Structure formats: structure tokens, C-alpha cells
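The values are calculated or read from the model by the stated rules, or taken from the named source; none is laboratory data. These numbers were taken from a predicted model, which means no experiment stands behind them. Here the Cβ is made from the backbone with ideal geometry for all residues, glycine too, and neighbour counts use every protein chain on show.
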Amino acid sequence: MYRKVHLRLTALCAGITTAIMIIMSLGYLYVSETALYENQYNSFKNDMNTITTNLEQQPVISMEWISKMESQNNYTFFLLDNGIPFLYNQLNDSYESYKNDILNECIDAYNRMFKIEQIQSSPYSAYHSEFQFTSSSVKEDFFGSVIKCEKASSLLQIFVFTSLNGLKKQIYEQRILFALINFIAVIFLSAFSWIFTGRLLKPIIENHKKQTAFVASASHELRTPLAVILSSAECCMEASPHKQTQFLNTIKHEGLRMSSLINDMLTLSESDQHQFWVQKMPVELDTLLINSYEAFQPLAKKKDVMLSIELPEDPLPVCFCDPDRIKQVFSILIHNAISYTPEKGKISLSLAYKKSNFYISVADNGIGIPDEDKSKIFDRFYRAEKSRSTKGHFGLGLSIAYEIINTHGGIITVEDAKGGGTIFTIVLCE
């Protein structure tokens, strides 16, 4: 399922980005090609203006000058003096026959575009007109210009045209370059989108796996007390009154275990749905820790475990926190320490205040936690030792403690104690 979602998100992300990139590329190409065309057309007009100015200033037009202008600018000239072709056009070996067809098409295009002759009042004048036309004989586009120089009754006409193949080749190469760039960009965008969407989905996939494992673990934990309850109820139906009392006590005990497990699961569910509310108020943490110490003192004595507490001598400032939630964390840590500390063991509670932070630690000299399990100890239903399942724990206590401290903006850590055992440390802000 997630693979299909990954593929669809990749296609969506890459598709949208590619579409935007292509639209921007097309827009740039349109602007660039329009500018190239206008620049070349303006350059052609400027050249015609320069040629016209030179013609006005030259009393005689030399073939050498015409040949030079053609070769330098890749232009083709055709000259008429009072309608009679110049000898230059007949003597020029480079003047191929097909250019005569282009000339006729240039004249036809000029006559269509400029039907009314320009009237000049000056006795000696020269003017030019530029236009674009398409030659059907060679299937090419051209810029054309007609230059007219009038003096008295003499009229010199110069037809100039140049092919746009160079411009089209430049535009074509630019399009190919952009297509290649876009193709490479699409490949990189697809790879980036695959990695990016994969990272986006990773927390969701991990959360789904955790939820699946949570449901499986919860079902497993509920199966055992439920089986005991069902078997005890079945035996109770045929047992003597004395045995019935024992079976009923077993049912009650297992029912309380199930109730405790369900309450823990509901607490974690509220945290997952961001409904894990805390009511912060000024709290004296030393008083709260002493209350927890006194509450677990009888259980510690029953297990023959020495429970001690160490508090600072100087008065402490109040801590803004939820007293019920923090007390729940103390209870979880102290109960775990008593459960996993052998007889004659020691458990010490301590409270310190440094740099606007409160440090609460619960240290024991019990069985300890292996290094490879420390990173997982706050996961739900996780037990570092198989033997822990016999201690009456479901593996949710530390998860709940972690969520409570995290909601308060604090941190909870675990490390090895000197000489064996474990130290859990809570850091809360003032």
C-alpha cells in the first residue's frame, strides 16, 4: 500500500515541478526567440540604413563595394538602373540562377506590402523599406529590403535579401539545448521526489508499524489474563465453596491487571491523538518526591530493599508542572526499581536544582539494562529481559513516563549506575 502511495506522491511531486519547469522554459524560449528575431531584424534595418547613407554620399557605385557588402553580411544584392539590371549581376559567378527566383518573390512581396510609392520632396533622396517574405522556390524565410535612390530623372533600385536559416539554426539549437536540460532535470527531479517523498512517508510508515506492533502486543498481553479468567470461571462452576473463593480471587486479580493495562493503553492513545492534557501549577517537587517515597516505603520493606531519599538543604523554587502526572512518573520509576532490585538491594531517590533546571534521579543496584536495549527501553511493550514479564509489568510504564515528561517539555534518560544497576534521570525546567 505504502509503495503505491510512494509512487503516486513521487509522480505528483515530479509532475508538478516538471510542468512548472517546462512552462517557464517555454516562456523563456518565446521571449528569447522573439528577442533574437527582433535583434536580427533591427540589425538588418540598420545595415540597410548604413548602405542607403553610403549610396547617397557616393557618386559612383563600384562592383568592389557591392561584393564586399555581400560577403561581409551574407547579403544578396540585385541592382537596377532605371529598370535595367546592373552588369554586376550578370558577371558575378556566385550569383546562382535560383536567386533570380528569390528576387522575383522578393519584388512580389514588396509590391504587396508597399502598394503606394513613397513620395520624396527632396531633389536628391534615398529611402529604403524592409520586410519579411517566404520563398516558395527554396522553402526558406528571408529578410528583404528595397533601396531607392532618386536624382532628377534617374532612379537606382537595389534589392537586398538575406536568408533566416542562420537564425532558425540558432533557435533550433537553443530548443535542443533546453530540451536536453529539461530531460536531465526531469530525471534528477524524479530521483529527488522519490527520496523526498520517501522521507516524508518514513515517519508514517514507522508509526503504522508501531501501531501494528502495539495492537499485536496488546492482544498478546490481554490474552493471558483473559484465558486465566475464563478457565477460573469454568472451574468455579464445578468447585467447592472454598475453591470457588480462590477462583474468584484469581478472577478479580486478573481483572484488575486487565483494567490496569487498558488504562495504560488509553493514556498512550490520548498522547497519540494529542489529547494528553496536563494542568500545570506551582508544585514543590521535594514534597512530591517525599510523598512518593513514603508511599513505596512499605513495599520496599516487604521486599527487603533499602529505599532512601536525598534532598538539597537549601529551599527550592516551585516547579510549574502537573503534580498528578509527575507523581505518576515517580511511581512508575520507583515501582520498576523495586521490582527489578534483588533482596538486600538499594534504591536511592535524589533531587537537585541547577541552572533553572530540576534533576530527579532514581538509582538502583538491580539487574541493570544492557546497552543495546537502552535506546528501546521507552518503546511500548518492550522489555529488556524476558524475566521482566514475570514481574507483573506490561512494558507500558516507561512509555507513559516518557510521554508525560515530554509533554512537560522535559527529558528522561537512562544510564548505568556505578557498581551495577540503573539510574533514571528526569530534567524539568523551572
* To do: State which residue is modelled with the lowest pLDDT when the search covers only segment 377-416 and only residues that are more than 31 Å from the chain's Cα centre (by Cα) and of a type in the set (F, W, Y).
  => F394
* Tally the residues that are surrounded by fewer than 21 Cβ atoms within 10 Å (Cβ to Cβ), touching a residue at least 60 places away in the same chain (Cβ under 8 Å) and touching a Gly at 6+ places or on another chain (Cβ under 8 Å), restricting the search to segment 333-362. => 1
* Assess whether I251 counts as being β-branched (V, I, T) and touching a helix residue (DSSP H, G or I) at 6+ places or on another chain (Cβ under 6 Å). => yes
* Asked: Can you pull out the residues in segment 168-207 that are under 16 Å from S25 (Cα atoms), surrounded by fewer than 12 Cβ atoms within 10 Å (Cβ to Cβ) and aromatic (F, W, Y)?
  -> Y172, F183
* To do: Write out, first by first residue and then by second, each pair whose Cβ atoms fall under 6 Å of each other, whose residues are 6+ apart or on separate chains, and whose first residue, in segment 224-251, is exposed (fewer than 13 other Cβ atoms within 10 Å of the Cβ) while the second is part of a helix (DSSP H, G or I) and of a type in the set (D, E).
  => none
* Asked: What residue, among those in segment 403-430 that are touching a residue at least 60 places away in the same chain (Cβ under 8 Å) and among the hydroxyl-bearing types (S, T, Y), is nearest to Y359 (Cα to Cα)?
  -> T425
* Quick check: is even one residue across segment 314-323 assigned to a helix (DSSP H, G or I) and either at pLDDT 90 or above or touching a strand residue (DSSP E or B) at 6+ places or on another chain (Cβ under 9 Å) (or both)? -> yes
* **Selection count where residues are charged (D, E, K, R) and surrounded by 12 or more Cβ atoms within 10 Å (Cβ to Cβ), scope segment 208-222** => 2
* Find all pairs meeting these conditions: Cβ atoms under 8 angstrom apart; at least six residues apart or on different chains; first residue within segment 57-72 and surrounded by 11 or more Cβ atoms within 10 Å (Cβ to Cβ); second residue in a loop (DSSP other than H, G, I, E, B) and of a type outside the set (F, W, Y). => W65/Q58; S67/N92
* To do: Answer yes or no: is there a residue in segment 24-31 that is at pLDDT 90 or above, among the polar types (S, T, N, Q), on the phi < 0 side of the Ramachandran plot and in a helix (DSSP H, G or I).
  => yes
* Can you name the residue in segment 299-313 that is assigned to a strand (DSSP E or B) and not aliphatic (A, V, I, L, M) and is also farthest from T287 (Cα to Cα) among such residues? -> S308
* Asked: Do we find a residue being under 60 Å from the mean Cα position of the chain (by Cα), in a loop (DSSP other than H, G, I, E, B), at negative phi and at pLDDT 75 or above anywhere in segment 102-111?
  -> no
* To do: Could you list all residues from segment 142-167 that are part of a strand (DSSP E or B), exposed (fewer than 14 other Cβ atoms within 10 Å of the Cβ) and either at pLDDT 90 or above or not hydrophobic (A, V, I, L, M, F, W, C) (or both)?
  => S154
* Answer yes if at least one residue in segment 270-291 is in contact (Cβ under 8 Å) with a residue 12 or more places away in the chain, in contact with a helix residue (DSSP H, G or I) (Cβ under 6 Å, 6 or more places away or on another chain), outside the structural domain of N406 (by TED's automatic domain parsing) and part of a helix (DSSP H, G or I), and no otherwise. => yes
